[in-house]
Amino acid sequence: MQSKQKQKQRHNTMVTIYKLLCFLSLLFVSGYADESLNVPIGLTNFNGQWELVSENSGVSAMHAILLPKLNKVLMYDATVWRTSKIPLPPEKMPCRIANEETGELDCWCHSVLYDYETAKLTALKIEHDTWCSSGGLTVDGNLVGTGGNGKGANTVRYLSTCEKCDWREYPASLADPRWYSTQVTLPDGGFMVFGGRGALSYEYIPTEGQTNKNPTFFPLLQQTRDLLNAQTPFVIENNLYPFVHLSPDGNLFIFSNNRSILLDPKTNTVVREFPVLPGGSRNYPASGMSVLLPLRLKLGSLKKTNAEVLVCGGAPWDSFYYAETQKKFLPALQDCGRIQINEPNSVWKTEKMPSPRVMGDMMILPNADVLMLNGAKIGTSAWNDAEDPNFAPVLYMPKGLRGQRFKELAPSTIPRMYHSSAVMLPDGKVLVAGSNTHDGYDFNAKYPTELRVEKFSPPYLDPSLAGLRQQIVDELLDKVMSYDKQLSVKVRSNEPILNKNEVKVTMYAPAFTTHGISMNQRLLILGLVDVDSNAWIQSRVHNLIVKAPRSGEVAPPGYYLLSVVYKGVPSASIWVQIK
Ligand SMILES: *[C@@H]1O[C@H](CO)[C@@H](O)[C@H](O)[C@H]1NC(C)=O
């Protein structure tokens, strides 16, 4: 005990001397100490940066998700067009039979693994149409996808994460067709799938190879389905790809059109109904964006975790009608609603984005800020139904003062509207791909089918902040976490002392993005027990003691990207598995 105290005293003395020397040398070099580090990262004058990283992703990335273990991004669109820019390689022969009556063949790939470091493509072969489908990752980091079009609609498909793996498909697994449906991961690592065109229901995804008999009728989807009016049964929908978030109390928050509820998935009962969010429609084809805001986990297993949902953008309820029938494009919505989901009587608090956005993607960044990007300023989802691409990403800082949370960032030059996607990468950049507003591949249109891939560096990658970037000592971390247990995360650092109030350890569950929805995305800010800097003088390493999430309700079992954030700057992240 005494020797430990002595050690600590010695450390502190050495650190004080070290800091004094640093300070003196700073004074000597620049004449003043750097004050800018007290400014939130989003408010420095670095507005992010775009780089083009590939000219050809093979398929246009309508759906995309980062896969653990392989460190690749899975991208796929649809088989319905029987074309892409990557032919089926000889080892994947024979070709798909695209039409059983005519015998027409399809010798193109419709899904690929994209290596985000080299841009190299690995061809995969899929049979049943994945058009407008959904997905999520299992506890072992393998993909489970659901639904699609035609023969894909009742399909459950599996892709394991190994070098030679390819799709396994079960075309009759689901009870209802799931075209534009949402898949959600449950606390035990299982999945449910909600809605879809003509499917006003939900069902649990059965074990591999099994078949569901009956779906469960879900009135909310019926009640929120828009028709033009009783006389003109023009179907607008606005209830597809509902937003579904797992609340840390184990209930599911479900948002469709402008209404939302909390559903207990164990008893199929509605626990709470939230007030209507006014302003317009938020779900497909009105296609707004939504995230469960980062969950701050408290130390002490019994302390409640507050959960808030953010819903932004979308379109007026009849926007799709005008776009489809008259090619008249109404302005997209510019507002956001934010609500506490595990408090009774909570209300929506609204905020205004710097610009309107429909079909955008909303990504949670490793430092617990939110990035909105892609989409259009007028129109809706569907073929040629939007104009005026929104090129500028927007940063949303949830902890900021209301009215000061948004910042518009550096614009891209590539329109990313219908069928585009975005993926958070372990180095903190965001991969941006896809966009196809045509029924087929069309490279000569005003908004061509997009195969170029970009990376966007958010403001925390400002080169002048590089000194704050901690480096996780990978080999020292126990990569399998157990619920509710303490663990140690070691970081190599330039700073002799990491102020505990400026340190965050975060865990990110990868999103399955498609059509402006990011399924199963979540970020947890772990409870920080201690920052131990005793070893820093010898090894430049700090030891952070954190508490793992308490249960599957807070963090469904599976793979997460773990990052150490210092003064708002995230380290590169590493994969951890919790189970
Ligand atoms: C909610 O959406 C429905 C269907 O589009 C619409 O009739 C209703 O007026 C909306 N409510 C509010 C408060 O905006």
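The values are calculated or read from the model by the stated rules, or taken from the named source; none is laboratory data. Given the structure is predicted, the values throughout are model-derived calculations rather than measurements. Backbone-built Cβ (ideal geometry, glycine too); neighbour counts: all protein chains shown. Ligands, DNA and RNA are stripped out before the accessible areas are found, and what is left, the full protein with its side chains, is counted by its heavy atoms. Shrake-Rupley method; radii C 1.70, N 1.55, O 1.52, S 1.80 Å.
For the stretch 222-284, give me every one of the strands (runs of 3 or more DSSP E) that falls completely inside it and has 2 or more residues that are open to solvent by 60 Å² or more (accessible area, probe 1.4 Å) and at pLDDT 95 or above. By residue number, 269-273.
Criterion first (in contact with a Leu (Cβ under 6 Å, 6 or more places away or on another chain) and more than 29 Å from GLY189 (Cβ to Cβ)) does GLU495 satisfy it? In short, no.
Quickly run through the stretch 37-70 and pick out the residues that are at pLDDT below 65 and open to solvent by less than 60 Å² (accessible area, probe 1.4 Å). If you could, list the steps in order and put the result at the bottom.
As a first pass, look at the stretch 37-70 and keep what is at pLDDT below 65: 37-38.
If the condition is that a residue be at pLDDT below 65 and open to solvent by less than 60 Å² (accessible area, probe 1.4 Å), then LEU37 is the only one that fits.
Considering only the stretch 55-99, state which residues are more than 23 Å from LYS164 (Cβ to Cβ) and hydroxyl-bearing (Ser, Thr, Tyr). Within the stretch 55-99, SER60, THR83 qualify.
Assuming ASP166 fulfils every condition listed in (1) crowded, with 23+ Cβ neighbours inside 10 Å; (2) touching a Leu at 6+ places or on another chain (Cβ under 7 Å); (3) not in a strand (DSSP E or B) apart from one, which condition is it? So the condition that ASP166 fails would be (1).
Just give me the residues in the stretch 169-180 being small (Gly, Ala, Ser) and open to solvent by less than 20 Å² (accessible area, probe 1.4 Å), in sequence order. Outline the logic, then answer.
Here is the first cut: in the stretch 169-180, the residues small (Gly, Ala, Ser) are 172-173, 175.
Matches in the stretch 169-180: SER173 only.
Pairs linking a residue in the stretch 261-274 that is at negative phi to a residue that is among the acidic types (Asp, Glu) and modelled with pLDDT of 95 or more, with Cβ atoms under 7 Å and 6 or more positions apart or on different chains, are ILE261/GLU273; VAL271/ASP264.
The lone criterion from (1) modelled with pLDDT of 95 or more; (2) open to solvent by 10 Å² or more (accessible area, probe 1.4 Å); (3) assigned to a loop (DSSP other than H, G, I, E, B) left unmet by MET417 is number (2). The set of residues from the stretch 253-274 being within 16 Å of the ligand (Cβ to nearest atom) and farther than 24 Å from GLY189 by Cβ comprises SER256, ASN257, ASN258, ARG259, SER260, GLU273, PHE274.
Answer with yes or no whether SER247 is within 16 Å of the ligand (Cβ to nearest atom) and under 21 Å from the mean Cα position of the chain (by Cα).
Numbers: within 16 Å of the ligand (Cβ to nearest atom): no; under 21 Å from the mean Cα position of the chain (by Cα): yes.
In short, no.
Selection of the stretch 196-221 for residues being open to solvent by less than 40 Å² (accessible area, probe 1.4 Å) and outside any loop (DSSP other than H, G, I, E, B) yields SER201, TYR202, GLU203, LEU220, LEU221.
LEU143 meets the conditions (1) touching a residue at least 24 places away in the same chain (Cβ under 8 Å); (2) closer than 23 Å to GLY440 by Cβ in every case but one. The failed one is (2). Taking the numbered list (1) within 15 Å of the ligand (Cβ to nearest atom); (2) part of a strand (DSSP E or B) in turn, VAL193 passes all entries but (1). Looking across the stretch 394-406, the residues that are open to solvent by 10 Å² or more (accessible area, probe 1.4 Å) and either assigned to a strand (DSSP E or B) or not polar (S, T, N, Q) (or both) come down to MET397, PRO398, LYS399, GLY400, LEU401, ARG402, GLY403, ARG405, PHE406.
When residues of the stretch 527-549 are filtered for being open to solvent by 10 Å² or more (accessible area, probe 1.4 Å) and touching a strand residue (DSSP E or B) at 6+ places or on another chain (Cβ under 9 Å), how many remain? If you could, list the steps in order and put the result at the bottom.
To start, the set of residues in the stretch 527-549 that are open to solvent by 10 Å² or more (accessible area, probe 1.4 Å) comprises 528-535, 537-541, 543, 545, 547.
Among the residues that remain, those that are also touching a strand residue (DSSP E or B) at 6+ places or on another chain (Cβ under 9 Å) are: 528-535, 539-541, 543, 545, 547.
Qualifying residue count for the region: 14.
Across the stretch 97-108, which residue is modelled with the highest pLDDT among those that are open to solvent by less than 80 Å² (accessible area, probe 1.4 Å) and in a loop (DSSP other than H, G, I, E, B)? Working first, answer last.
In the first step, residues of the stretch 97-108 are kept if they are open to solvent by less than 80 Å² (accessible area, probe 1.4 Å); the result is 98-99, 103-104, 106-107.
This time we only want the ones that are in a loop (DSSP other than H, G, I, E, B), so: 98-99, 103-104, 107.
Numbers: ALA98: 93, ASN99: 91, GLY103: 93, GLU104: 94, CYS107: 97.
Applying the filter and picking the extreme gives CYS107.
A count restricted to the stretch 440-465 and to residues that are open to solvent by 70 Å² or more (accessible area, probe 1.4 Å), polar (S, T, N, Q) and outside any helix (DSSP H, G or I) stands at 1. Checking each residue in the stretch 494-512 for being open to solvent by 10 Å² or more (accessible area, probe 1.4 Å), in contact (Cβ under 8 Å) with a residue 40 or more places away in the chain and of a type in the set (S, T, N, Q) picks out only ASN494. State whether one or more residues within the stretch 514-525 are farther than 30 Å from SER435 by Cβ and buried (at least 22 other Cβ atoms within 10 Å of the Cβ). Checking the stretch 514-525: at least one residue is farther than 30 Å from SER435 by Cβ and buried (at least 22 other Cβ atoms within 10 Å of the Cβ).
For SER287, state whether it is in a loop (DSSP other than H, G, I, E, B) and within 16 Å of the ligand (Cβ to nearest atom). Quick ask: steps written out before the conclusion?
Numbers: in a loop (DSSP other than H, G, I, E, B): yes; within 16 Å of the ligand (Cβ to nearest atom): yes.
Yes.
Name the single residue, out of those in the stretch 71-96 being assigned to a strand (DSSP E or B) and farther than 13 Å from ASP129 by Cβ, that is most open to solvent (accessible area, probe 1.4 Å). Checked the stretch 71-96; the qualifying residue most open to solvent (accessible area, probe 1.4 Å) is PRO87.
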